[in-house]
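The next block holds one structure in the form of structure tokens; read it before the comments.
The values are calculated or read from the model by the stated rules, or taken from the named source; none is laboratory data. All of these numbers come straight from a predicted model, not from anything done at the bench. Backbone-built Cβ (ideal geometry, glycine too); neighbour counts: all protein chains shown. We work out accessible area using only protein heavy atoms, side chains counted, and drop any ligands, DNA or RNA first. Shrake-Rupley method; radii C 1.70, N 1.55, O 1.52, S 1.80 Å.
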Amino acid sequence: MSVVRRVARPLLAAMFIDGGLDQLRHPAAKVGTVGPLIHQYAPKLGLPDDPEMLVRANGATMVGAGTLLATGRLPRLSALTLAVSLVPTTAAAHRFWEVKDDPDKRRAQRLHLMKNLSMLGGLLIAAVDTGGRPGLSWRAHHAAKDASRTAKHARKDARRAAKAARREARLARHQVTDTLPFD
């Protein structure tokens, strides 16, 4: 693993681990913000209509996936998981367009939205980063090509073996007829 990846992954993951721990410890602080959206969309998505539980579940997801990303374990899957969890979190918590009366609060919410979008970009890059190794599609394509080549060679070998067996059988029949005494 390159030095850049060793440094970048924990830096990217730190925000998620910290935010996830905060959601696990203090879910009530987030429920007021996300509660109305959860009540509106949770039943449509087949999720329970319990904002506190969903905030805690999101926090646990962020801590788990953030830790995996920071340690380099399953980095692509953990980055994708964090990206998926970041989208509804951002949509629920940083709706700057709804803040009308306080320009400073509106600017702060817009800044947080941009920060989250930047982190989403970093997560998407991390999700497709193969670390210099070929990706799954490349490996699958080459495995299929290798299997096809192996099957082609096996067919040729089987034809040669069958041809040799027929030749040996013909020779054996001729030898048998040559050695029989004629009465």
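Data for the structure
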item	result
Subset of the stretch 39-55 [over 25 Å from Arg25 (Cβ atoms) and open to solvent by less than 70 Å² (accessible area, probe 1.4 Å)]	Gly46
Extreme residue, nearest to the chain's Cα centre (by Cα), among residues of the stretch 124-161 that are hydroxyl-bearing (Ser, Thr, Tyr) and open to solvent by 60 Å² or more (accessible area, probe 1.4 Å)	Ser137
Some residue of the stretch 87-103 being buried (at least 16 other Cβ atoms within 10 Å of the Cβ), more than 13 Å from Leu37 (Cα to Cα), touching a helix residue (DSSP H, G or I) at 6+ places or on another chain (Cβ under 7 Å) and small (Gly, Ala, Ser)	no
The stretch 10-38: number of residues that are touching a residue at least 40 places away in the same chain (Cβ under 8 Å) and either in contact with a strand residue (DSSP E or B) (Cβ under 6 Å, 6 or more places away or on another chain) or open to solvent by 30 Å² or more (accessible area, probe 1.4 Å) (or both)	9
Any hit, the stretch 112-125, residues being outside any helix (DSSP H, G or I) and either modelled with pLDDT under 90 or closer than 14 Å to Ala79 by Cβ (or both)	no
Matching residues, the stretch 12-29, being modelled with pLDDT under 95 and β-branched (Val, Ile, Thr)	none
